[in-house]
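Some notes on the structure that comes next.
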Amino acid sequence: MVFQSDSTRLSDAFYRELTGHPIPVERDVVATLAHAPGLLDFYIWITWKSWTVNGQPARVPLFGSNGLTNQLGTKQYSIERLFRHKISHWLRAVSQLWPERPAYVSDDGHFLVVRSSRRSAAIKPVESAVKSQGFHIIPSSGLFRLNL
């Protein structure tokens, strides 16, 4: 990536990856969580995971080599009791911004259960949301511009 004033140039490969596998996050939610990096990471992760779930809900272990602690990745999450408390706090916070949030901690406390969000009214494709506000997205060699 090369940064120029108020625009970002993406490599062609990265641009194709983004446009080929979009994750419909709410721009307003991302802006709201901008100063809470752990919570923002968790919101983006739930959005991605719930968008990729097909059929039965996914049961993601909280701990272990494939656990959520490793996917979110900091040492402070290695103490199980504290991490479960953090996840509960983050789930409550996400629920305030996304009432239909498709995730909850399993009854035994060992898994985060994530359902598909493809029909959730809380997630709108960015292009539709932007067009409804009078903006247009113009991808140009990986450069995004919002024009009025």
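Quick notes on this structure:
- Filter result (free of Cβ contacts under 8 Å to residues at least 60 places away in the same chain and within 8 Å of the chain's Cα centre (by Cα)) within segment 30-47: Leu40, Asp41, Phe42, Tyr43, Ile44, Trp45
- Where helices (runs of 4 or more DSSP H) fall entirely within segment 1-71, those with at least 1 residues that are of a type in the set (Val, Ile, Thr) and out of contact with any strand residue (DSSP E or B) (no Cβ under 8 Å at 6 or more places or on another chain) are at 27-32, 37-52.
- The set of residues in segment 83-134 being among the hydrophobic types (A, V, I, L, M, F, W, C), under 21 Å from Leu40 (Cβ atoms), surrounded by 18 or more Cβ atoms within 10 Å (Cβ to Cβ) and at pLDDT 85 or above consists of Phe83, Ile87, Trp90, Val94, Trp98, Ala103, Leu112, Val114.
Residue-by-condition table, conditions (1) in contact with a His (Cβ under 9 Å, 6 or more places away or on another chain); (2) within 20 Å of Arg101 (Cβ to Cβ):
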site	(1), (2)
Thr19	no, no
Val30	no, yes
Leu33	no, yes
Pro37	no, yes
Trp45	no, yes
Trp48	no, yes
Leu62	yes, yes
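- Close contacts from segment 59-71, counting a first residue that is more than 18 Å from Leu40 (Cβ to Cβ) and a second that is among the aromatic types (Phe, Trp, Tyr), with Cβ to Cβ under 7 Å and a gap of 6+ residues or different chains, come to Arg59/Phe111; Val60/Phe111; Pro61/Phe111; Leu62/Phe83; Leu62/Phe111.
- Picking from residues in segment 48-58 that are without any contact (Cβ under 8 Å) to a residue 60 or more places away in the chain and under 13 Å from the mean Cα position of the chain (by Cα), the one that is farthest from Ala93 (Cα to Cα) is Thr52.
The values are calculated or read from the model by the stated rules, or taken from the named source; none is laboratory data. Note that the structure is a prediction, hence the values are computed from the model and not measured. Counting neighbours? That spans all protein chains shown, and the Cβs are built from the backbone with ideal geometry, glycine included.
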